[in-house]
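To start, the structure under review is shown below, and the notes come after it.
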Amino acid sequence: MVKSQEELVNFSKQYGFIFQGSEIYGGLANTWDYGPLGSRLKNAVKDAWRKRFIEERLNAYELDADILMHPKVWEASGHVGSFSDPLVDCKHCKTRHRADNLVDDFNPDAHADGMTQEELMTYIRENNVPCPKCGKSDFTDIRQFNLMFQTYRGVTNDSKNVVYLRPENAQGEYVNFLNVQRAMRCKLPFSIGQIGKAFRNEITPGNFTFRTIEFEQMEYQTFCKNGEDEELYNFFKEYGKKFFVDLGLPEEKLRYHDHEKLAHYAKQACDIEYLFNFGWGEINGTHNRTDFDLTRHTEYSGTSMSYLDPETNEKFIPYIIESTYGLDRTVLALLDNAYTNETLENGEERLVLKLKPFLAPYKVAVLPLIKKVHGEKAMEIANELSKHFMVTYDETANIGKRYRREDAIGTPWCLTVDDETLNNGTVTLRDRDTMQQITLKLDEVKDYIKDRLEFN
Ligand code: GAP
């Protein structure tokens, strides 16, 4: 189990999963760079999502929309007007806080997410909610702070040239609703999914990659008739939870959190939360966005976003059920859950990253028992296997130390090349979790591993 977030941050850096962004310049707050192993893990989660949400579902299509969109998109979506956090400054130590977080941290049963701005302020003042940094309770009034990053296109920095870095993927899917529907000849219900970066000017401390200013979402929008929306909403709540369980997150560390206060676009909203080492945190959201988005885009663009039902000849604006997954938070949850300190029978400690094999950055480590004697054959095997899956090769240190390193980065199998390999063409394959070894013929290894890499 991870004892503290600091332990996970240090582990991630030491083994090449995640590094602090711009570290040599002292870092840039709330930014992180994925290292060689972190990128592999992230890509494996993307592949799993793509399989579950695009490939295994009929009427589901992937999109890769631009990050920069017409600024009117964000007026239509409501983000220009109301995508903001309620901020207060501590008058004593000048630290800036989100008012709802102050209340939540002070008393999780107060349900800050259901409070208006006035109610938050009253609660803070009446209960003397303290500043987490200096302990005083003396705050400014709440000010709304828009989370969208703004930049300019072209050569002049005036308001006519403002563009925003998208704060969510979803709008790319909505503005392309007609394009996809026509090009793919879709009938309702159908879904458009997209994996991509989103940006939010988050000012509050981030808990490692949990809250960052640049992050990746895997968003999924299902367009349907009014009346089919509630069934689909419930379906995706469950589908989402199953996805996380299939990735390896234990059911008892997942829970639903139904929203009391709804975003400006939603009729129903529910998060899936995971129990991180620092407490429960949202990793997914399912939203019933009704016909809000397509109606607004119709109004703001002048293009009708309606659908003509070929069976009933009815024309209407579809409802949207959104199921959105934070990729960075999913990776963080997977690392948090997989990180395991074990005491072995002989009293030795070992660190094991118990990721499911399809998620592990390397699938097998090829280890020559003695570099000088077995190195050449081992390299030949590694080269051959690397045509099928990610392989690492290690000839340094003693075999025990090499096993420990592979355990720590989650490599499911270690393949040892020894005299038996040279004389009889067999190798031993050690299982990361059980540490049991089996003997296989060389030509059986590829299929043995491949058969165990499926995400089902
Ligand atoms: N399109 C709807 C939408 O963006 P959201 O609940 O604001 O909804 C969706 O975000 C998911 O994106 C969240 O469940 C979370 O996993 C992830 N997410 C949101 N803000 C984030 C941030 N600042 N850093 C990392 N992940 C974030």
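The values are calculated or read from the model by the stated rules, or taken from the named source; none is laboratory data. None of the values given here were measured: they were computed from a predicted structure. Cβ atoms come from the backbone with ideal geometry, glycine included; neighbour counts cover every protein chain shown. Only protein heavy atoms, including side chains, enter the accessible area calculation; ligands, DNA and RNA are left aside. Shrake-Rupley method; radii C 1.70, N 1.55, O 1.52, S 1.80 Å.
Being open to solvent by 30 Å² or more (accessible area, probe 1.4 Å) and in contact with a strand residue (DSSP E or B) (Cβ under 9 Å, 6 or more places away or on another chain) is the filter here; which residues of segment 387-402 pass it?
Those that are open to solvent by 30 Å² or more (accessible area, probe 1.4 Å) and in contact with a strand residue (DSSP E or B) (Cβ under 9 Å, 6 or more places away or on another chain): M390, Y393, E395, I399.
Could you say which residue among A333, A360 is within 16 Å of the ligand (Cβ to nearest atom), among the small types (G, A, S) and under 30 Å from A170 (Cα atoms)?
A333
Identify, by number, the condition in (1) under 30 Å from L28 (Cβ atoms); (2) within 12 Å of the ligand (Cβ to nearest atom) that V163 doesn't meet.
Checking V163 against (1) under 30 Å from L28 (Cβ atoms); (2) within 12 Å of the ligand (Cβ to nearest atom), the one that fails is (2).
Scan segment 27-74 for residues that are in a strand (DSSP E or B) and within 27 Å of N161 (Cα to Cα) and jot them down.
Matches in segment 27-74: L63, L68.
Please determine whether any residue of segment 282-289 is within 16 Å of the ligand (Cβ to nearest atom), within 30 Å of E7 (Cα to Cα), in a helix (DSSP H, G or I) and within 19 Å of the chain's Cα centre (by Cα).
no
For a quick check of your reading of the model, give me the residue pairs whose first member lies in segment 337-348 and is touching a residue at least 24 places away in the same chain (Cβ under 8 Å) and of a type in the set (F, W, Y), whose second is assigned to a loop (DSSP other than H, G, I, E, B) and loosely packed, with under 13 Cβ neighbours inside 10 Å, with beta-carbon atoms closer than 8 Å and at least 6 apart or on different chains.
Going by the 8 Å Cβ cut-off, the qualifying pairs are Y339/M1.
Please work out which one of (1) loosely packed, with under 12 Cβ neighbours inside 10 Å; (2) among the hydroxyl-bearing types (S, T, Y); (3) farther than 30 Å from N10 by Cβ is the condition T426 fails and give its number.
Looking at each condition in turn, T426 falls short on (1).
Of the residues in segment 268-310, how many are closer than 21 Å to G240 by Cβ, in contact (Cβ under 8 Å) with a residue 24 or more places away in the chain and among the charged types (D, E, K, R)?
Summing the residues that are closer than 21 Å to G240 by Cβ, in contact (Cβ under 8 Å) with a residue 24 or more places away in the chain and among the charged types (D, E, K, R) in segment 268-310 gives 3.
May I ask you to say which residue of V88, V80, V73, V45 is surrounded by 15 or more Cβ atoms within 10 Å (Cβ to Cβ), over 24 Å from the mean Cα position of the chain (by Cα) and within 15 Å of the ligand (Cβ to nearest atom)?
That would be V73, the only listed residue that is surrounded by 15 or more Cβ atoms within 10 Å (Cβ to Cβ), over 24 Å from the mean Cα position of the chain (by Cα) and within 15 Å of the ligand (Cβ to nearest atom).
For segment 240-254, check the following and say yes or no: at least one residue is within 10 Å of the ligand (Cβ to nearest atom), of a type in the set (D, E) and out of contact with any Phe, Trp or Tyr (no Cβ under 9 Å at 6 or more places or on another chain).
no
Residue by residue through segment 27-40, note down the ones that are open to solvent by 30 Å² or more (accessible area, probe 1.4 Å), more than 16 Å from the ligand (Cβ to nearest atom) and over 15 Å from D328 (Cβ atoms).
The answer is P36, and nothing else.
For a quick check of your reading of the model, give me the residue pairs whose first member lies in segment 200-228 and is free of Cβ contacts under 8 Å to residues at least 60 places away in the same chain and within 9 Å of the ligand (Cβ to nearest atom), whose second is open to solvent by less than 20 Å² (accessible area, probe 1.4 Å) and part of a loop (DSSP other than H, G, I, E, B), with beta-carbon atoms closer than 6 Å and at least 6 apart or on different chains.
So the pair list comes out as R200/L147; R200/P167.
If I filter segment 11-26 down to residues being in a loop (DSSP other than H, G, I, E, B) and farther than 14 Å from Y339 by Cα, which single residue comes out as nearest to the ligand (Cβ to nearest atom)?
The extreme case among them is G21.
Assess whether Y265 counts as being within 11 Å of the ligand (Cβ to nearest atom), open to solvent by 10 Å² or more (accessible area, probe 1.4 Å), touching a helix residue (DSSP H, G or I) at 6+ places or on another chain (Cβ under 6 Å) and not small (G, A, S).
Yes: the conditions hold for Y265.
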